[in-house]
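The structure is given below, and queries will be raised subsequently.
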Amino acid sequence: MNRTERWAALTWTVETAEKKFGMLSSSLAQKLFYLLQEAGGAPLGYKFLMYTSGPYCSELWGDLDALDQMGCLLLKPGRYGCGYEIRTTGFGRNLVARHLASVSGFKEKAELILDLAGGSATGLKALAFAFYVAKDRIAGKSDVPDAEVIAGVQKLAPRLDPDEISAALRNLKVLLASEISVGQR
């Protein structure tokens with residue numbers, strides 16, 4: 001995926017998430033693109049680190065800022081003075097129309113992740129943290145039981161309910177079993 005295709009993919013995903021969530025915050029965007037790349041196999045090329053509020057990649061933030069500067073996205077300070085709200089623009093939708101068609105499977109994988117999140121910020125947060133904690137188990141490097149994954153997620157995100165984390169683990173199995181592959185046409 002070249003930079004223009006990646007920017008089109010980011011813009012399309014922001015627009016789709018806006019429709020499902022009502023708006024996309026900078027924190028949710030980081031979680032969403034983390035899941036798309038790490039669990040969904042999208043070749044975005046980012047390197048995520050775990051921070052207090054979840055996975056974070058400065059290069060992703062740089063791309064979102066560049067898209068704001070080009071007029072494809074609108075980044076505005078969050079309602080409560082924390083983070084940013086990210087919205088698409090008409091120019092951004094034009095970028096998507098011209099450049100995203102060459103990346104097969106991307107839209108389908110992104111829509112699957114958004115659907116598995118249940119249209120809620122909490123669902124997306126639970127998916128991202130559950131994947132982060134369970135990634136060694138998923139890769140077959142460990143046989144950690146669900147209870148330990150739930151406890152690990154609660155250490156990182158104490159406000160997540162154990163039932164939300166259990167649902168996220170079930171949804172991760174659906175995501176990882178998906179036959180949708182993301183790549184060049």
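Would you confirm whether or not region 63-74 contains a residue that is among the aliphatic types (A, V, I, L, M) and within 26 Å of Leu160 (Cβ to Cβ)? Walk me through it before giving the result.
Residues of region 63-74 that are among the aliphatic types (A, V, I, L, M), as a first pass: 64, 66-67, 70, 73-74.
Filter once more, keeping what is within 26 Å of Leu160 (Cβ to Cβ): 64.
Yes - at least one qualifying residue is present in region 63-74.
So that you can scan it fast, the table gives a plain yes or no per residue for (1) over 18 Å from the mean Cα position of the chain (by Cα); (2) surrounded by 15 or more Cβ atoms within 10 Å (Cβ to Cβ); (3) under 18 Å from Met23 (Cβ atoms):
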site: Gly45; (1), (2), (3): no, no, no
site: Ser53; (1), (2), (3): no, yes, yes
site: Cys82; (1), (2), (3): yes, no, yes
site: Glu85; (1), (2), (3): no, yes, yes
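Answer yes or no as to whether Ala9 is buried (at least 22 other Cβ atoms within 10 Å of the Cβ) and over 20 Å from Leu127 (Cα atoms). Full working, then the answer.
Working: buried (at least 22 other Cβ atoms within 10 Å of the Cβ): yes; over 20 Å from Leu127 (Cα atoms): yes.
Taking the combined requirement at face value, the residue satisfies it.
Still on this structure, please answer the following. Tell me the residue from Gly62, Gly119, Gly78, Gly92 that is under 26 Å from Pro158 (Cβ atoms) and more than 15 Å from the chain's Cα centre (by Cα), please. Before the answer, list the steps.
Details: Gly62 fails: under 26 Å from Pro158 (Cβ atoms); Gly119 fails: more than 15 Å from the chain's Cα centre (by Cα); Gly92 fails: under 26 Å from Pro158 (Cβ atoms).
Just one listed residue meets the conditions, Gly78.
Computed from the coordinates by the stated procedures, all read-outs in this text should not be read as laboratory data. Fair warning: this is a prediction, and the values are worked out from it, not measured in the lab. With ideal geometry, Cβ positions are generated from the backbone for all residues, glycine too; neighbour counts draw on all protein chains shown.
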